[in-house]
Amino acid sequence: MRTVKIAPDVFEIPPSEKKGMHVPARILASDALLAGMDEGVFRQITNVACLPGIVEHALCMPDGHWGYGFPIGGVAAFDLDRGVISPGGIGFDINCGMRLLRTNLTEQDVRPRLDALMTRLFERVPSGVGIKGFVRLDRDRFVEAVCGGARWCVDHGYGRLEDLELLEEGGCIPGAEPSALSDRALTRGKEQLGTLGSGNHYLEVQVVHPHNVYDESTARKLGFDRDHQIAVMLHCGSRGFGHQVGTDYLKIFQSAMKRYGIETHDRELACAPFKSPEGQQYFGAMVAAANSAFANRQVITHQIRAAFADVFGVDDRELGLEVVYDVAHNIAKIEEYEVEGRRRKLLVHRKGATRSFGPARSDIPDRYRDIGQPVIVGGSMETGSFLLVGSDETKIQTFGSTLHGSGRTMSRVAAKKRIRGDELQRDMARRGIIVKSASMRGLAEEAGFAYKNISEVVDVVERLGISRKVIRFEPIGNVKG
DNA sequence: ATGTTC
């Protein structure tokens, strides 16, 4: 496929390259990252460019790789009247996202008790496939929770009131539609609040070394104010509930598409007109699943605080453990952008892509109004993660979006062939990183060598000006699903 | 990602 470099770190595949493309497909990457991208990324992002009502261009972030229907790292904006909503553009794990906590502790405070802390975190935060949480709700109460999101959690004793203003959307998106949820989705979801899940979902204890602070003044505004400070990063989503919502609507959409006369290059791109009854029902169900993920991260935050309090023998507030931010990277949202000189409301799909709004916007927390929206980028458990801030440049280039992680380069199967989980665990322990995992096989799949170099990926978004580096975190402890 | 095949 002809891929034209139209600017530094910007590649475009013109509509002439595939029948049915309404707009160009754009991949944001360095020459080296582009060369390393699988053929699936090119095929999938050009398929996305064929979807009805897509506006301007289909985008793929530098951490992009092959996914279900859309590439992971895909961003696409649709006209609300003529466009579609597609579960493949959001991901099975609806509102998979990141939360970051700061602490008053330093590495020196934590090292002597790190093993006890990781053990306690592993006990307090259930992880693994199919695991149930400490919060078990009946159906009606679970429906309340997915309508109320993180706010419901705080009202029921999980977390602090002041957490809420530091979450994207305050941790609760309006418009959850209980009637759009299947029995099976509710049954799967109701006992999973406060659980980590599996795969690349994790909870990590990290250190901010002074040489990893790129902008001291912005770091301070984000709560990072001392040398070798400890942070806690969390990556998880909506568990079986969101997965079931995705499964339910893929099936509904596959038959609805025939009625609406929509054809796609790929069955995995099942979609429905956004304004159709089916499209609106999925949107209402997706909002409920997104809220369940905010609630999940809120309950886990409560459990993290309890684990720290157990180990340090003081009230969790004395240790800090304040929320820095919480942001989704698998979601569709209605946002306004200027397109061809006209302000338009669009349905922005982000699938493995993070919102990255600039300063002075009303939809980011007051305290970050002068620095921009925090963007939390999780790396592999061996190599470190980043805190960035967003920029107004995303309004022009990326429908308010940036990357979400480092991106895999090796399949799970290939990673398992190269190393055993227990070997990796010992190896990491020798390097001062304690890992607790529900599955040794799962651990091997997450080895650092299976991921792209996170610095290389983050440098692309910084050069493009869509996000700016503030801090790099290095892991010292990890709880893995 | 996922009660990893209703």
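Estimated from helical segments only, the mean residue ellipticity of chain A at 222 nm is -10000 deg cm²/dmol, where each DSSP H run of four or more residues counts as -39500 (n - 2.57).
Hey, can you rank A:233-243, A:313-323 by average C-beta count inside 10 Å, highest first? Each step should come with its number before you reach the end.
Numbers: A:233-243: 26.5, A:313-323: 15.2.
The most tightly packed comes first, giving A:233-243, A:313-323.
To the nearest Å, what is the center-to-center distance of the range A:1-79 and the range A:122-143, using C-alpha atoms only? Result: 38 Å between the Cα centres.
For a modelled paramagnetic label at residue A:227, 7 Å from Cα along Cα-to-Cβ, the residues of the range A:97-123 in reach, with backbone nitrogen under 12 Å, are A:107-108.
Computed from point charges on the beta carbon alone (+1 for Lys and Arg, -1 for Asp and Glu), the dipole magnitude for chain A about its Cα centre is near 1080 Debye.
Length gained on full extension, residue A:134 to residue A:165: 8.6 nm, using 0.36 nm per residue less the C-alpha separation.
Give the residue from A:252, A:127, A:409 lying farthest towards the positive end of the charge dipole for chain A; charges sit on Cβ (+1 for Lys and Arg, -1 for Asp and Glu) and the dipole is referred to the Cα centre. Highest projection toward the positive end goes to A:252.
Charges at C-beta only: +1 for Lys and Arg, -1 for Asp and Glu. How large is the resulting dipole of the range A:1-140 about its Cα centre, in Debye rounded to 20? Spell out each step's value before the answer.
On the way: 16 positive and 17 negative charges, 62 e Å.
Using only the charged Cβ atoms, the result is roughly 300 debye.
Under 5 Å between amide hydrogens, built in the peptide plane, is the criterion, and for residue A:473 it picks out A:385, A:386, A:387 among residues at least 5 positions away or on other chains. Think of the range A:172-220 as having a plus end and a minus end, set by charges on the Cβ of Lys, Arg, Asp and Glu; of A:185, A:219, A:202, A:185 sits farthest toward the positive end of this dipole. The residue A:39 and residue A:367 beta-carbon pair, evaluated with R₀ = 45 Å, returns a calculated FRET efficiency of approximately 0.50.
Among A:52-58, A:387-393, A:292-298, A:211-217, the peptide with the highest mean count of other Cβ atoms within 10 Å heads the list, and the full ranking is A:292-298, A:387-393, A:52-58, A:211-217. Distance from the Cα centroid of the range A:380-437 to that of the range A:265-336 is 19 Å (rounded to whole angstrom).
Net charge dipole, the range A:314-365: roughly 580 debye, given to the nearest 20, about the Cα centre with Cβ charges of +1 for Lys and Arg and -1 for Asp and Glu.
Ranking A:440, A:33, A:396 by how far each Cα lies toward the positive end of the dipole of chain A (charges on Cβ) leaves A:440 at the top.
State the extension gain, in nm to one decimal, for the chain segment bounded by residue A:317 and residue A:109, taking 0.36 nm per residue of separation less the distance between their alpha-carbons.
This chain segment gains 73.3 nm when fully extended.
Values quoted throughout were computed directly from the atomic coordinates according to the rules given, and no laboratory measurement underlies them. Since the model is a prediction, treat every value here as computed from it, not as a measurement. A quick note on method: Cβ atoms are made from the backbone with ideal geometry, for glycine too, and the neighbour counts reach across all protein chains shown.
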